[in-house]
Every structure is written in C-alpha cells, then in structure tokens.
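Engineer: Pasting a structure here, questions to come.
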Amino acid sequence: MVVCAGDQQVDGEISGIDVENQQMTLSIKDLEPNSWDNFVASHKAGDVVKGKIARFASFGAFVELGDNLEGLCHISELSDERIAKPEDAAEIGKEMEFRILRIDSENKKIGLSARAARHDEPIVETKTYTSEAKGGMASLGELADFGIASKADDKANDKADEKANEKADEKVDEKADEPADEKADEKAGAEPSEG
C-alpha cells in the first residue's frame, strides 16, 4: 500500500486496524527483506556455512549465522566424540563451519552440524520422523530406534501372534474331538475312553 505522509510517498503494509477510532497501523519494516528471508533464499539443506557460537544450552549450541539469525547445533552434532556438554567441543565467539541439516520455514528454525561439515555425510530426509514427533527435533538414536527397532518389534509381535493363534487352534481341535468321542462311547453303552 502506498501512503502519502505530507509530501512524501511511503510504502507500507497494514499491520493493524482500529475500527472504533477509524485508524490503521502501517509497517514499513515488514516490507524490507529480513535475515531469515535472505538466508532461506540463498541456502538449502546440505550447504556448508560459517557461524559463530553465540550461546550454549544443555542440548547444544546456538550459532549466529547473521544479523538476528541463529541456528542450533545439537550436542550430538558438535563433535565426533561423545561429549557431556557443548562447552567441551566449542567456545563462545568461536567461528566454525556447519552443514545445514534442515531449514524449518514454518517455525523459522535451522538445524546445523559441525560434525557433518568435517565429513562428507549425506543429509537424511527426516520429515517422516519429525511428523511422528509432532514437529519436534529428535536425536539420531531416536531416529534409528524409530526406523529399525519398531519394525523389528512389529515383526516379532506378528510371529508371536501367529504362534499363539496356531496353538489356540490346536487346542480347540483337540477339545472338539474329546466330547465327540465321549458321546459316541456313551451311545455305544461303553465307558468313556481315556485319550
């Protein structure tokens, strides 16, 4: 929307309307490209980027990728070795290379890996797993467990169910035969035979 402010024309986006006071609020900032839009337009999963460690959390390190733009490198993706805390693999302000694992445009989140940047690891498609986790992030162990163990458990449960059904069928057949034999013996006037 173009608005005249005095003798100036200004582009703006309507950000609010107050019907009672017959006023509207315009935002010029919403029309300017921001760090997120610029980053997403020029990067994709698999790209290697440079970033500075901005802060730590118990689950990983937040990495500054640009003005007001951060990504998260999970603790399991900071080092090839297992570490107890993110501070064991990096320090605040340190510039490092990271491979982009995923860009979640809906939630404006960027998943990074320092480990994958050092190796030429393929990026695994995680959409099927994140939908199961309701959009949350999962560890590699959880992904492996979800993909492999649950399928193995399903197969084991199916086989156990089949065996239980077979045994139940055999018992039903045996019991069905017993009363018929006893009735036949009774009709013949003989004592019931022991099976």
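For (1) surrounded by 12 or more Cβ atoms within 10 Å (Cβ to Cβ); (2) acidic (Asp, Glu); (3) closer than 17 Å to PHE98 by Cβ, each residue gets a yes or a no:
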position	(1), (2), (3)
MET24	yes, no, no
SER27	yes, no, no
ASN34	yes, no, no
ASP47	yes, yes, yes
ILE53	yes, no, yes
ALA61	yes, no, yes
ASN68	no, no, no
GLY71	yes, no, yes
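Engineer: Which one of the conditions (1) more than 30 Å from ASP120 (Cβ to Cβ); (2) among the small types (Gly, Ala, Ser); (3) modelled with pLDDT of 80 or more does ALA61 fail to meet, given that it meets all the rest?
Structural biologist: Failed condition: (1).
Engineer: Inspect all residues belonging to region 117-134 and state whether any of them is at pLDDT 55 or above, surrounded by 12 or more Cβ atoms within 10 Å (Cβ to Cβ), part of a helix (DSSP H, G or I) and polar (S, T, N, Q). Break it down into steps so the answer makes sense when it comes.
Structural biologist: Filtering region 117-134 for residues at pLDDT 55 or above gives 117-124.
Add one more test, that the residue is surrounded by 12 or more Cβ atoms within 10 Å (Cβ to Cβ), and what stays is 117-118, 121, 123-124.
Going one step further and asking which of them are part of a helix (DSSP H, G or I), we end up with 117-118.
Now restrict to residues that are polar (S, T, N, Q): none.
Checked region 117-134: no residue is at pLDDT 55 or above, surrounded by 12 or more Cβ atoms within 10 Å (Cβ to Cβ), part of a helix (DSSP H, G or I) and polar (S, T, N, Q).
Engineer: Right, another one. From the list ASP67, ASP37, which residue is at pLDDT below 85 and not hydroxyl-bearing (Ser, Thr, Tyr)?
Structural biologist: Details: ASP37 fails: at pLDDT below 85.
Going through ASP67, ASP37 in turn, the sole match is ASP67.
Engineer: Same structure again: Would you pick out the residues in region 82-96 that are assigned to a strand (DSSP E or B) and closer than 12 Å to ARG115 by Cα?
Structural biologist: Initial filter on region 82-96 (assigned to a strand (DSSP E or B)): 95-96.
Within region 82-96, just MET96 meets the criteria.
The values are calculated or read from the model by the stated rules, or taken from the named source; none is laboratory data. Quantities reported herein were computed from a predicted structural model and do not represent experimental measurements. Quick reminder, even Gly has a Cβ in these numbers, built from the backbone with ideal geometry, and neighbours come from all protein chains shown.
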